[in-house]
1. Restricting to region 13-43, name every residue that is more than 20 Å from R81 (Cβ to Cβ), surrounded by fewer than 19 Cβ atoms within 10 Å (Cβ to Cβ), without any contact (Cβ under 8 Å) to a residue 40 or more places away in the chain and not polar (S, T, N, Q).
2. Would you mind stating whether P59 is in contact (Cβ under 8 Å) with a residue 40 or more places away in the chain and surrounded by fewer than 18 Cβ atoms within 10 Å (Cβ to Cβ)?
3. Check region 62-75 and report whether any residue there is of a type in the set (A, V, I, L, M) and assigned to a loop (DSSP other than H, G, I, E, B).
4. Take V2 and decide whether it is of a type in the set (V, I, T) and either out of contact with any helix residue (DSSP H, G or I) (no Cβ under 6 Å at 6 or more places or on another chain) or in contact (Cβ under 8 Å) with a residue 40 or more places away in the chain (or both).
5. For region 66-108, give me the residue count where each residue is closer than 17 Å to S50 by Cα and free of Cβ contacts under 8 Å to residues at least 12 places away in the same chain.
Amino acid sequence: MVEDNVINQRVMSQQLKRLGCATVNTANHGLEALDFLSTTTFCNGDVPLSIILLDVEMPIMDGLTCARKIRELEKLREITRHVPICGITANARTSQIDSCIEAGMDEVVVSNELLWTSLWFANLC
């Protein structure tokens, strides 16, 4: 999970763990997420990873930039296979959600839908 708000990190981590995710890793911004991703099985590392839950608005590197970078690394084959990315945003306008999809996110959920999305993602853990 990539989220700059520590309280949101804790709440989401607890929800996901209660739903059966054995391990929930967190990053504070997109740059930390990319560093972590480089250690995972998506990059021939040994750390398992199922999906990235990616906040859209963060300091240092936002979610849109991070998603674009991940897709670029996939094209360069530095990432060995498609990384599932779900964007998380408080903005529900169609244009904002479209921007997330255009940046390479597979799915986008609005924050108030997060509990239901957590239920769906728990099946991937």
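1. Answer for region 13-43, where residues must be more than 20 Å from R81 (Cβ to Cβ), surrounded by fewer than 19 Cβ atoms within 10 Å (Cβ to Cβ), without any contact (Cβ under 8 Å) to a residue 40 or more places away in the chain and not polar (S, T, N, Q): K17, R18, V24, L31, E32.
2. Yes, satisfied.
3. So in region 62-75, the residues of a type in the set (A, V, I, L, M) come out as 64, 67, 70, 73.
Pick out the ones that are also assigned to a loop (DSSP other than H, G, I, E, B) and you get none.
No - not one qualifying residue is present in region 62-75.
4. Numbers: of a type in the set (V, I, T): yes; either out of contact with any helix residue (DSSP H, G or I) (no Cβ under 6 Å at 6 or more places or on another chain) or in contact (Cβ under 8 Å) with a residue 40 or more places away in the chain (or both): yes.
So V2 fits the description; yes.
5. Residues in region 66-108 being closer than 17 Å to S50 by Cα and free of Cβ contacts under 8 Å to residues at least 12 places away in the same chain: 2 in total.
Every number in this text was worked out from the coordinates using simple rules, so none of it is lab data. The structure presented is a predicted model; accordingly, all values stated were derived computationally and were not measured. Don't worry about glycine lacking a Cβ; one is built from the backbone with ideal geometry, like all the others, and counts go over all protein chains shown.
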